Structure formats: structure tokens, C-alpha cells
1. Over segment 22-71, with the other protein chains present, what is the accessible area per residue in square angstrom, probe 1.4 angstrom?
2. Counting other Cβ atoms within 10 Å of each Cβ, which trypsin sites (Lys or Arg not before Pro) in segment 104-173 have at most 14 and sit in a DSSP loop?
3. Taking amide hydrogens as modeled 1.01 Å from N in the peptide plane, which residues meet the under 5 Å criterion relative to Ile174, leaving out close sequence neighbours?
4. Defining a contact as two alpha carbons under 8 Å apart and six or more residues distant in sequence, what relative contact order in percent does the chain show?
5. Could you sort Trp148, Trp109, Trp34 by accessible area so the largest value comes first, with the probe set to 1.4 Å?
6. For the chain, which span is the longest to avoid every loop-located (per DSSP) member of GluC sites (Glu not before Pro) having at most 13 other Cβ atoms inside 10 Å?
7. Tell me the accessible surface of Cys90 in square angstrom (1.4 angstrom probe, heavy atoms of protein chains only), to the nearest ten.
8. Sorted by accessible area with a 1.4 angstrom probe, largest first, how do Asp104, Asp13, Asp190, Asp2 fall?
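The values are calculated or read from the model by the stated rules, or taken from the named source; none is laboratory data. Just so we're clear, the structure is a prediction, and the values are computed from it rather than from any experiment. Heads up, the Cβs are rebuilt from the backbone with ideal geometry, glycines too, and the neighbour counts pull from every protein chain shown. The area values use the complete protein model at the heavy-atom level, side chains included, leaving out ligands, DNA and RNA. Shrake-Rupley method; radii C 1.70, N 1.55, O 1.52, S 1.80 Å.
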Amino acid sequence: MDQSNGYEAISNDFLPRRGSARSIGIGVREVRNWAGTLPHRGSVIDLGCGPGFPITSVLVDEGLHVFGVDAALSLAAAFQRNLPGTPILCEAVQVSRLFDRSFDAVLAWGLMFLLKAEEQHRLVQRFAEILVPNGRLLFTSPAQPVVWKDAMTGMESVSLGAEEYRKLLGAAGISVESEYEDEGENHYFDAFKR
């Protein structure tokens, strides 16, 4: 079974589009603004980090202590080339040990909806387990409950919808502080662990 949700198979197409330019592209401004709310030199884990450009590099540029996790071998190798010295695990987030530590913040940009509904439920629990008290969480998923085929991989994507995400997060002790969208129509859930 492909633990990378189809991204290993399309890595040759994906990398030139999304993994070759540092700090430019959709989502960069929003992640930079969020990073500015985090503790100086705070620890952040980027789940589904891909090649590190453009999103993870924003966190590194902001002076945060960054860790990455991605299941696609080609994307993890590109991450190591793009951000040498930044630790990465080439593991699926569903089974990853997530460095066996806690973090000041968790980022999951473009990841949640790639997982099956039950895997998303478990990942919300993992967020609560690895975040320190008052730790920050930022993830993207459509605000409406919807199922669609990913344009690049052809695999099924699932958004549980904002109402369900708020409910799951609340049950895990995480409060959504705000929601917003970027120019690419990515819906953000900006939250913190109570």
C-alpha cells in the first residue's frame, strides 16, 4: 500500500511545481503570519512537509526549531537537499513516532483531507498528544464536508467539514481560534491546545 497517498508516484511532476522555490507560493503568507505568533525558537513539526519548499522553509526562516514528516521517499529526499540540517522522518503520519516528543506547534498544510475519515480522527488525537499546553495548531481542509478525487494523484480526498473538525478538536482539548482562506481557496483552522 502506498503510504504517501499517491505523492511518491507523481513526485517527478510535483517537485518542479511545488518543491523548487523557497518562500513563494500559495500559503506562504498565511504560514508566515502564523509562525510570527509562535514562541521565539519554538519547536514545530510539519506533518506532510513534502520537499520543504515553500511552506517548511518559512518556518525555518522564522528561526523556529523545525521537524518534518513525509511518507514519500522522493519528497523526503528533496526536503533533505532543500533544508539540510532540518530533521525529517520518512514515515506516514498515521504510523509515525513523530520524533517521540512534544512540540510548541503543529502544522499540517494540505494533509488532513488526504487521509481517510477515521485516520483524520486519530490524527486529531495525536495533535493533542504532541502539543504542549497552549501549543498552536494550523491545518488546512475545505470548510464544507466533501469527497473528491485529487487532481494530481487521482486518489480520494475527504474533508469532514468545519463543524466536524471543530467538534473533534474540542473533544481533544483543542480550540479553534480562527478560520480563514488564502488566495488558493485553502481553508485554515488556526487552533490552540487548552
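1. The answer is 35 Å² per residue.
2. Here the trypsin sites (Lys or Arg not before Pro) that fit, given the DSSP loop and packing criteria, are Lys116.
3. Those qualifying (amide H under 5 Å, at least 5 residues apart or on another chain) are Arg194.
4. Details: 392 pairs, mean separation 37.0, N = 194.
Reported relative contact order: 19 percent.
5. These residues rank, largest area first, as Trp148, Trp109, Trp34.
6. Values: sites that count: Glu183, Glu185.
In the chain, the maximal stretch lacking such sites is 1-182.
7. Accessible area of Cys90: about 60 Å².
8. On the way: Asp104 45, Asp13 95, Asp190 15, Asp2 65 Å².
Order by accessible area, largest first: Asp13, Asp2, Asp104, Asp190.
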